[in-house]
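A short write-up of the structure that comes next.
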Amino acid sequence: MKPMAHLGVGIGWRPEIADAVDRLDGLDWVEVVAENICPGHLPEALRRLRERGTRIVPHGVSLGLGGADRPDPQKLTELGERAVALGAPLVTEHIAFVRTSSPVLEAGHLLPVPRTRDALDVLCANVRIAQDALPVPLALENIAALFSWPGEEMTEGQFLTELVERTGVRLLIDVANLHTNRVNRGEDPAAVLDAIPLEALAYVHVAGGVERDGVWHDTHAHPVPPVVLDLLAELRSRVEPAGVLLERDDDFPPEAELAGELAAIREVVTAGGTAAQAEAAPEPGSGAQPGTGSQRKAEDGTAAQAGAQPGAGGEGARTRVALGQAALLSALVAGTPVPEGFDRARIRVQVRALAAKRADVVAKVAPELPGILGGRTPYRTAFLAYAKGRPMTAGYRRDAMDFAEHLLIQDLPADPAARRRLTTWWRERAGARPPRRIVRWARTLTGRAA
């Protein structure tokens, strides 16, 4: 595997901090959520960064490569288009599942895959499909989790190591996620770092979180705690990472605090540094190159090993993984019984966290709704009541529309002026009239009978 091109210290680019990022001194690179940009209409702030030579890496959150289904070709195409538009040297995603197809359910969140042979077979097969479709190399991130799967057959280190050996994929190690899993699942971060092939390291994520009632929540909305910087130092003692990136997704602090966190990260990375990376970074804009995935993997020395198990990712494994994931996701978002072997208390925490995140994201994609409903508190009360028996099936924007229609069916909100505003909002986006009273009554009665 060729050495990773040097990236340096960077930050996750978000529209809310675009101006601050533009002014940060010594910023080497940025990472952008791939699904939040359109290749043909990049935000002006991102275009300025690229023109200055700042490297930009797209970070996907919706492929669900750990899911039982094969990767969506359209999603792979779109991720590759973003890599080309940004001139990125690689793209990154997560070792997670995010949806099921039978039943059709969306988690709206990254959920852990079981560390079993079946799940690894399916993941490896999906990774190879993605590698062949993408125009640049792929790296995968370890995720934070609130719970563990019963009956796991491998440790995190074993699972990640075999994934790399069988596919040649690079790793994006999130040290904040290692800390989360230490608190929530009793896992030893040092053991993970000792076990994984660090020559496959693409770069590192650092982020903040908070502990409540013995559960660590990976919020990306709090300052990076010393314990996470200590883990970064642990990793740095083993390898010189090509890049380290600060993630912040909400409750953005003043610019000076962001600069201070970056300085603290840089201090850890440079303390006791070894020889510089053997390979200098390629010229900006040279990362995304034409050619097939198999050609690039041969050139980069990252082709999957020939020793992958026969039948890996076969239909039997996919079916078994699908059944387990569907049962779990249904319990998390549709109120069905928790499958045998899971920690029910932790699953309840995850259910509440998913519902709260769903309400928050819908409020972001449809910011008019809290205003129409009288503020954040009445909005959240109404949305959480709606979400209890109505799992998300088609993304947050569709969820916002379904929530509005649900209220209108019940002749809500009670205030006539607010109901008229909600009707207008719904009509402008749906391109249709809201259901008339007789239809609303029929749907309500049908819902009660279900």
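The values are calculated or read from the model by the stated rules, or taken from the named source; none is laboratory data. Just so it is clear, the structure is predicted and the values come from calculations on it, not from any experiment. When we count neighbours, we look across all protein chains shown, and the Cβ atoms used for this are built from the backbone with ideal geometry, even at glycine. For accessibility, only protein heavy atoms count, side chains too; no ligands or nucleic acids. Shrake-Rupley method; radii C 1.70, N 1.55, O 1.52, S 1.80 Å.
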- request: Hand me the list of helices (runs of 4 or more DSSP H) wholly inside region 281-379 holding 1 or more residues that are loosely packed, with under 14 Cβ neighbours inside 10 Å and at pLDDT below 95.
  value: 293-300, 315-333, 344-365
- prompt: Do we have Thr180 as in contact with a strand residue (DSSP E or B) (Cβ under 8 Å, 6 or more places away or on another chain), touching a residue at least 24 places away in the same chain (Cβ under 8 Å), among the hydroxyl-bearing types (Ser, Thr, Tyr) and not in a loop (DSSP other than H, G, I, E, B) here?
  reply: yes
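Per-residue answers, yes or no, for (1) within 17 Å of Leu27 (Cβ to Cβ); (2) open to solvent by 20 Å² or more (accessible area, probe 1.4 Å); (3) among the charged types (D, E, K, R):
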{"residue": "Arg182", "(1), (2), (3)": "no, yes, yes"}
{"residue": "Ala195", "(1), (2), (3)": "no, yes, no"}
{"residue": "Glu211", "(1), (2), (3)": "no, yes, yes"}
{"residue": "Pro241", "(1), (2), (3)": "yes, no, no"}
{"residue": "Val244", "(1), (2), (3)": "yes, no, no"}
task: Consider only pairs whose beta carbons are under 7 Å apart and that are at least six residues apart or on different chains; among these, list those whose first residue lies in region 348-365 and is over 10 Å from Leu384 (Cα atoms) and whose second residue is open to solvent by 30 Å² or more (accessible area, probe 1.4 Å) and assigned to a helix (DSSP H, G or I).
output: Val361/Tyr396; Val362/Tyr396; Val365/Tyr396; Val365/Arg397
- line: Given (1) touching a helix residue (DSSP H, G or I) at 6+ places or on another chain (Cβ under 7 Å); (2) closer than 19 Å to Ala334 by Cβ; (3) hydrophobic (A, V, I, L, M, F, W, C), Leu408 misses just (2)
message: Is it the case, given these coordinates, that Thr161 is closer than 22 Å to Leu231 by Cα, of a type in the set (S, T, N, Q) and not in a helix (DSSP H, G or I)?
response: no
message: Within region 31-39, does at least one residue satisfy the condition of being open to solvent by 60 Å² or more (accessible area, probe 1.4 Å), in contact with an Asp or Glu (Cβ under 6 Å, 6 or more places away or on another chain) and of a type in the set (S, T, N, Q)?
response: no
- prompt: Can you name the residue in region 380-428 that is of a type in the set (Ser, Thr, Tyr), out of contact with any Leu (no Cβ under 8 Å at 6 or more places or on another chain) and within 30 Å of Thr336 (Cβ to Cβ) and, of all such residues, is surrounded by the fewest Cβ atoms within 10 Å (Cβ to Cβ)?
  reply: Thr381
- prompt: Hey, among Val215, Val224, Val204, which residue is open to solvent by less than 40 Å² (accessible area, probe 1.4 Å), aliphatic (A, V, I, L, M), over 30 Å from Lys2 (Cβ atoms) and modelled with pLDDT of 95 or more?
  reply: Val224
task: Only residues that are in contact with a Leu (Cβ under 7 Å, 6 or more places away or on another chain) and open to solvent by 40 Å² or more (accessible area, probe 1.4 Å): list them for region 227-239, please.
output: Glu234, Arg238
query: Taking into account only those residues within region 60-92 that are of a type in the set (S, T, N, Q) and in contact (Cβ under 8 Å) with a residue 40 or more places away in the chain, which is most open to solvent (accessible area, probe 1.4 Å)?
result: Thr77
statement: Here the residues within region 164-177 that are part of a helix (DSSP H, G or I) and crowded, with 18+ Cβ neighbours inside 10 Å are Val164, Arg166, Thr167, Val175, Ala176, Asn177
message: Return the residues of region 130-158 that are farther than 19 Å from Val227 by Cβ, β-branched (Val, Ile, Thr) and either open to solvent by less than 20 Å² (accessible area, probe 1.4 Å) or in a helix (DSSP H, G or I) (or both); say none if nothing qualifies.
response: Val136
Matching option when the condition is over 15 Å from the mean Cα position of the chain (by Cα), polar (S, T, N, Q) and assigned to a strand (DSSP E or B), among Thr100, Thr77, Thr92: Thr100
task: Please go through region 219-256 and pick out each residue that is closer than 18 Å to Gly12 by Cβ, free of Cβ contacts under 8 Å to residues at least 60 places away in the same chain and of a type in the set (Val, Ile, Thr).
output: Thr219, Val224, Val228
- prompt: Do the conditions hold for Leu110, that is, is it in contact (Cβ under 8 Å) with a residue 12 or more places away in the chain and open to solvent by less than 10 Å² (accessible area, probe 1.4 Å)?
  reply: no
Leu7 being modelled with pLDDT under 95 and among the aliphatic types (A, V, I, L, M): no
